[in-house]
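Notes follow once the structure below has been shown.
The values are calculated or read from the model by the stated rules, or taken from the named source; none is laboratory data. Since the structure is predicted, the reported quantities are computational estimates derived from the model, not experimental observations. Here the Cβ positions follow ideal geometry from the backbone for every residue, glycine too, while neighbour counts run over all protein chains shown.
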Amino acid sequence: MMQGDEASYRLAVVGSGRVRGQIAMAGCPGRTGTAIMPSNSSWRLQRDVATLRHWGAQALVTLLDKAEFSWLRLAQLPGLLSVQGIDWYHLPMRAGGVPDERFEGQWRAVAPRLRSILWCGGRVAVHCLDGRCRTALISAKLLIELGCPSQDAINRVRGARPGVLADPDAEKFLRAQRAAPEAAYRTRLSLVGPIGHGRTVDPDDVTMQMWALPIGQGGEQQRQEG
C-alpha cells in the first residue's frame, strides 16, 4: 500500500529478476492529485519530471493516445524530459485492450533501446493515465522480453500494483510473449556488471519499491520497500 502525501507523484518500481535494471510504473505526470484530470499547473508537471529524474529514469514511455495527451495538456513534457536527460518514447495504445499491430510495429523500433538500458542496469519508467492497465501490461511485456518467464513477470507486476492484469485477455497476451533473441546472452553480461549509481546488488533481492517526491521538500525522496 502506498503511503505519504496524496499529491506526490508515485512510482511503483518492479525489479527485473536476473537483470539488474528496474522498471517504474507510473500514472500520468502533471495530473491534479489522485484525480485523472488535466492541470493548468506547469509546476506539477515539472515536479513529476523531477521525481523521475531523482529516481534515475533514463527513459519514459508514454502510452497515452494523442487525444489523451492533448486533453491532459502535456505539450511541455518532451521538453522537460529532454532538459533532465530523460529519453522520451510516445507509443500510443488504446485503453481497454491489448496492443494492436500498429503498436507492435512502433514497439519493435523502441524496445531494443529499452532492453539495452535495463540490461546495463539502468531504469525505465512507463505511464498511462493511472499507471495500472496499459502500464502494467507493457511493463510485464518488457520483463518477458528481458528473459523473465511469463508467470514471473505477471507476479512481479502484480506485486508492485495489486489488482492489475486481472483481464483474461491481458494474461493470455502476456503468455504468448517471448524473450528477445539476445536475452540469455545479455542477462549473463548483466549479472557480472554494476547496477549503476555506484552500487552492486543481488537482482533478486528486491522486487518492488515505492517512490515519491513530496511537495515542498526540495527534491527529497521517500521510499518504502516491500
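Structure above, values below:
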quantity	calculated
One residue from ALA95, ALA12, ALA59 being within 19 Å of CYS133 (Cβ to Cβ) and touching a residue at least 60 places away in the same chain (Cβ under 8 Å)	ALA12
Selection count, the stretch 71-84, where residues are free of Cβ contacts under 8 Å to residues at least 40 places away in the same chain and closer than 16 Å to ASP130 by Cα	1
Hits in the stretch 79-106 - residues which are among the hydrophobic types (A, V, I, L, M, F, W, C) and assigned to a loop (DSSP other than H, G, I, E, B)	ILE86, LEU91, MET93, ALA95, VAL98
Residues of the stretch 56-72 satisfying the condition of being of a type in the set (Gly, Ala, Ser) and either in a helix (DSSP H, G or I) or surrounded by fewer than 19 Cβ atoms within 10 Å (Cβ to Cβ) (or both)	GLY56, ALA67, SER70
Among (1) farther than 20 Å from LEU45 by Cβ; (2) part of a loop (DSSP other than H, G, I, E, B); (3) of a type in the set (A, V, I, L, M, F, W, C), the one test that ILE117 misses	(2)
Residue within the stretch 179-187 that is over 30 Å from GLY30 (Cβ atoms), among the acidic types (Asp, Glu) and either within 16 Å of the chain's Cα centre (by Cα) or at pLDDT 95 or above (or both) present	no
Evaluation of TRP119 against (1) under 24 Å from ILE144 (Cβ atoms); (2) modelled with pLDDT of 95 or more; (3) touching a Leu at 6+ places or on another chain (Cβ under 8 Å) (one fails), failing number	(2)
Number of positions in the stretch 151-163 that are crowded, with 19+ Cβ neighbours inside 10 Å and either of a type in the set (Gly, Ala, Ser) or part of a loop (DSSP other than H, G, I, E, B) (or both)	3
Single unsatisfied condition, GLY33 versus (1) at negative phi; (2) surrounded by fewer than 13 Cβ atoms within 10 Å (Cβ to Cβ); (3) modelled with pLDDT under 95	(1)
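Table: residues versus (1) out of contact with any Leu (no Cβ under 6 Å at 6 or more places or on another chain); (2) assigned to a helix (DSSP H, G or I); (3) crowded, with 19+ Cβ neighbours inside 10 Å.
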position	(1), (2), (3)
ARG108	yes, yes, no
GLY131	yes, no, yes
ARG134	no, yes, yes
ILE144	yes, yes, yes
LEU165	yes, no, yes
